[in-house]
Each structure stands twice: as C-alpha cells, then as structure tokens.
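Visitor: Handing you a structure now.
The values are calculated or read from the model by the stated rules, or taken from the named source; none is laboratory data. Nothing here was measured: the structure is a model prediction, and the numbers come from that model. Here the Cβ positions follow ideal geometry from the backbone for every residue, glycine too, while neighbour counts run over all protein chains shown. Note: accessible area is taken over every heavy atom of the protein model, side chains too, but ligands, DNA and RNA are not part of it. Shrake-Rupley method; radii C 1.70, N 1.55, O 1.52, S 1.80 Å.
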Amino acid sequence: MALFLAFFIFLNISLTSAQVVSKPKSLNETCIGDGSFFLEIGIYRDSCPEAEAVIFAWVQRAISDDPRMAASLLRLHFHDCFGCDASVLLDDTQGFVGEKTAGPNLNSLRGFEVIDAIKSDLEAVCPVTVSCADILAVAARDSVILSGGPGWEVQTGRKDSLTASKTAANNNIPGPNSDVTTLVSKFQNVGLTLGDMVALSGAHTMGKARCSTFSSRLNNNGNSNSPDINVDFLQSLQQLCSQSDGNASLAHLDLVTPSTFDNQYYVNLISGEGLLVSDQVLVTGDDQTREIVESYANDLMIFFEDFRRSMLRMGSLGALTGEEGEIRKNCRTVNQF
C-alpha cells in the first residue's frame with residue numbers, strides 16, 4: 001500500500017509540474033465509425049487496486065537497470081497503438097505470423113521481458129483482470145514520468161487481441177525514411193492529425209537507433225552550403241557507422257540529453273541534428289511541421305501539453321472493449337479454451 005500511495009503522489013507531482021489541465025469529458029469517449037467504446041480512468045480501482053503501482057515499480061526497476069528501457073517501453077506502446085490491442089506482444093503461431101518480425105519492429109522493439117514480468121505479478125495479485133494492452137499504455141506513461149516528462153491519467157479498459165498481422169504492421173507503421181507526406185498519411189489513416197504526428201515524434205527525445213535505420217541520412221552531406229545540412233553531425237555518424245559492425249551500431253536519437261524526456265529533440269532538428277530521415281523532414285519538408293517544431297523548441301510546456309493530449313488520442317486507437325478480445329493470461333499467447 002505504501003508503494004501504491006507513493007506512486008500516486010509521484011504522479012500528481014508530475015501532473016502539476018507539467019501544468020496539465022483537466023481533461024474535457026470528450027476525451028473519455030472515443031468514437032470510431034458508427035460504433036463507440038469507452039475507456040475509463042481508474043477502471044481497476046476496485047478490481048485490482050494494486051495494478052498501477054505494480055506496473056510503476058517494474059518500470060522503475062527496469063529503467064534503473066537499463067536507462068534505455070524507458071524509450072523501449074514507450075516505443076512498444078507506439079508500435080502497438082496503430083491498434084492498441086497488445087497484438088505486438090504475440091509470438092508467431094501456426095495460424096499467423098505476428099508483428100515482431102515486421103520491418104518497423106525487427107531488431108528495434110525490446111522490453112518484452114519487462115511486460116512479461118509485470119503481467120506475471122498482476123496475474124498473481126488479480127488473475128485475468130488487467131489486459132496486456134493496458135499494461136503497455138500505463139508502462140509508457142510511467143516511462144515518460146520517470147525520464148522527466150509529463151504525466152497523465154491513463155484511460156484503461158482495453159482488451160487484448162486474439163491475433164496479429166505482420167502485413168498490417170508493415171503497412172501501417174511509418175518507416176524511418178518516411179517523408180512528411182507519408183508520415184501525415186499514415187497518422188491520418190488511423191485518425192491522428194499532423195499536429196499529433198509532430199508531437200508524438202517528440203518521443204525520439206529518448207532512445208537509440210541502429211545505423212541501418214538512418215543510413216540514407218549519411219549520403220546527404222554533399223552540399224555543405226545548404227542551411228539544412230549539418231556536415232559535422234553527419235560526419236560523426238559516418239564515423240560511427242563505418243566500423244566493422246556498422247549496421248548494428250547504435251546512435252542516440254538525441255545526443256544532448258539522451259535519457260531525458262524534454263524538448264531537446266526539436267532543438268536538434270532546427271540545428272540539422274535529426275537522426276532519422278523521418279525526424280529531419282519535420283523541419284526541411286513542410287512549413288507547417290517546421291512551425292510546430294519551432295514552437296516546441298521554444299516552449300517545453302507547450303510540447304508537454306500537446307504530447308500528453310496526443311498520447312491520450314493515440315492510446316484509444318483500435319482499442320477492443322466490451323465483448324471484443326480477451327484478457328490474456330500470458331501476453332505472448334492467446335488464452336487456450
């Protein structure tokens with residue numbers, strides 16, 4: 001109980017420091033097409049009151065052991081949430097090829113064992129109650145808080161999917177070499193705006209990426225007179241990636257504050273230090289996205305507020321509720337009946 005109370009004191013401090021305002025009621029109800037479903041705040045208050053404290057404790061432990069894990073857990077939720085149904089956690093079966101080997105996920109997603117540990121503890125405390133999809137959503141929020149970012153009350157009530165699709169993951173998740181048009185299209189296809197896309201891209205203020213994901217950036221330093229080219233930055237990346245195991249080498253998405261959730265990512269973009277093509281094009285590829293980038297670079301709290309709102313919107317995408325889906329006992333496999 002002490003851990004549970006400490007967690008919520010910590011969350012309330014974070015919410016205050018981020019100057020988060022109260023959510024309008026419309027954020028508690030999300031409509032898709034002709035149907036509607038509800039995600040609620042505090043759905044486990046009675047059925048599993050320890051849930052969020054258990055998740056927070058595991059996330060805190062994982063980040064303490066490996067600071068990069070904060071970005072990894074946030075990324076897991078992102079890559080699940082062009083569906084938000086924990087399909088990204090499913091291992092391959094004879095019936096389907098899952099999402100773990102899809103292009104945007106292979107050799108990129110990590111942290112599955114942390115989710116396994118959280119689920120195991122929750123099954124011991126309150127069996128078949130907390131969904132894997134909700135664990136991903138709460139763990140992502142906790143990762144942001146523990147890295148110095150804003151907090152928000154996670155809406156819960158998601159169910160877990162019964163299947164996964166490698167094809168869908170390949171088609172829906174934007175790749176690291178996407179231009180602005182592609183990025184906007186991918187986000188709009190699931191109901192997110194251009195503004196959501198720029199705000200959510202700020203998650204790249206933490207974490208690392210393999211050289212293979214930004215190799216095309218390394219060939220774009222030919223015109224040293226271009227204001228959009230940071231030759232010194234690109235040459236440093238070329239040196240890193242020219243090693244014998246170059247493609248597997250890792251570079252910080254944010255060289256300045258790599259483990260802190262802040263607005264340095266946007267400052268870096270303006271300086272030509274976006275690691276991925278899909279990062280740097282937010283400044284070079286579109287006047288509207290550049291304007292948003294500049295506003296976030298200039299005001300941390302504007303970024304925090306927009307990121308929080310966009311996370312709430314993203315967290316409702318494709319959520320299964322009611323009679324849809326199930327509460328998995330093991331996040332890697334569907335329940336056996």
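Visitor: So what J values fall out for segment 47-61 if you push phi through Karplus, 6.51 cos²θ - 1.76 cosθ + 1.60 with θ = phi - 60°, rounded to Hz, Gly and Pro as x?
Guide: 6, 7, x, 7, 3, 5, 5, 4, 4, 4, 4, 5, 5, 4, 5
Visitor: Which of the three applies to segment 215-337, rounded, prolate or oblate, going by the alpha-carbon gyration tensor with a ≥ b ≥ c and a/c under 1.5 meaning rounded?
Guide: It is oblate, given that a/c is not under 1.5 and a/b is not larger than b/c.
Visitor: If amide hydrogens are placed 1.01 Å from N in the peptide plane, which non-local residues have theirs closer than 5 Å to the one on residue 208?
Guide: The list, which skips near neighbours in sequence, is 253.
Visitor: Would you work out what percent of the accessible area of segment 40-316, with all protein chains in place, is carbon or sulfur (probe 1.4 Å)?
Guide: 46
Visitor: Taking the Cβ-Cβ separation of residue 163 and residue 123 as r and a Förster radius of 22 Å, what is the calculated FRET efficiency to the nearest 0.05?
Guide: For R0 = 22 Å, the calculated efficiency reads 0.55.
Visitor: Quick check: the distance between the Cα centres of segment 272-311 and segment 119-185, to the nearest angstrom?
Guide: Computed from Cα coordinates, the inter-centre distance equals 22 Å.
Visitor: Which aspartates and glutamates does residue 208 reach when only Cα atoms under 12 Å apart count, and residues fewer than 8 places away in its own chain are ignored?
Guide: Candidates past the 8-residue exclusion: 254.
Visitor: Another question about this same structure. Over segment 268-337, average the accessible area per residue using a 1.4 Å probe and give it in Å², no decimals.
Guide: 44
Visitor: Here's another thing I want to ask about it. Using a 1.4 Å probe and counting only protein heavy atoms, arrange 259, 249 so the residue with the most accessible area comes first.
Guide: The most accessible residue leads, giving 259, 249.
Visitor: How much length is gained on full extension from residue 107 to residue 250, taking 0.36 nm per residue of separation minus their Cα-Cα distance?
Guide: Here the answer is 50.3 nm.
Visitor: Residue by residue through segment 312-320, what is 3J(HN,Hα) from phi via Karplus (6.51 cos²θ - 1.76 cosθ + 1.60, θ = phi - 60°)? Round to whole Hz and write x for glycine and proline.
Guide: Rounded to whole hertz, the list is 5, 5, 4, x, 9, 5, x, 5, 8.
Visitor: Taking the 0 to 90 degree range and rounding to the nearest ten, how far is the long axis of helix 231-241 tilted relative to the main principal axis of the chain, both from C-alpha atoms?
Guide: Computed tilt is about 60 degrees.
Visitor: While we're looking at this one, here's another question. Considering only 43, 135, 173, give the residue with the highest GNM mean-square fluctuation for the chain, with springs between Cα atoms whenever their separation is below 10 Å.
Guide: Greatest mean-square fluctuation among the candidates belongs to 43.
Visitor: Between 0 and 90 degrees, rounded to the nearest ten: what's the tilt of helix 180-189 against the longest Cα principal axis of the chain?
Guide: For 180-189 against the chain, the angle is about 10 degrees.
Visitor: Quick one: helix 132-146 against the long Cα principal axis of the chain, what's the angle to the nearest 10°, folded into 0 to 90?
Guide: Between the helix axis and the principal axis of the chain, the angle is about 50 degrees.
Visitor: Could you state the accessible area per residue of segment 89-133 in Å², with a 1.4 Å probe and every protein chain left in place?
Guide: Accessible surface, normalised per residue, equals 42 Å².
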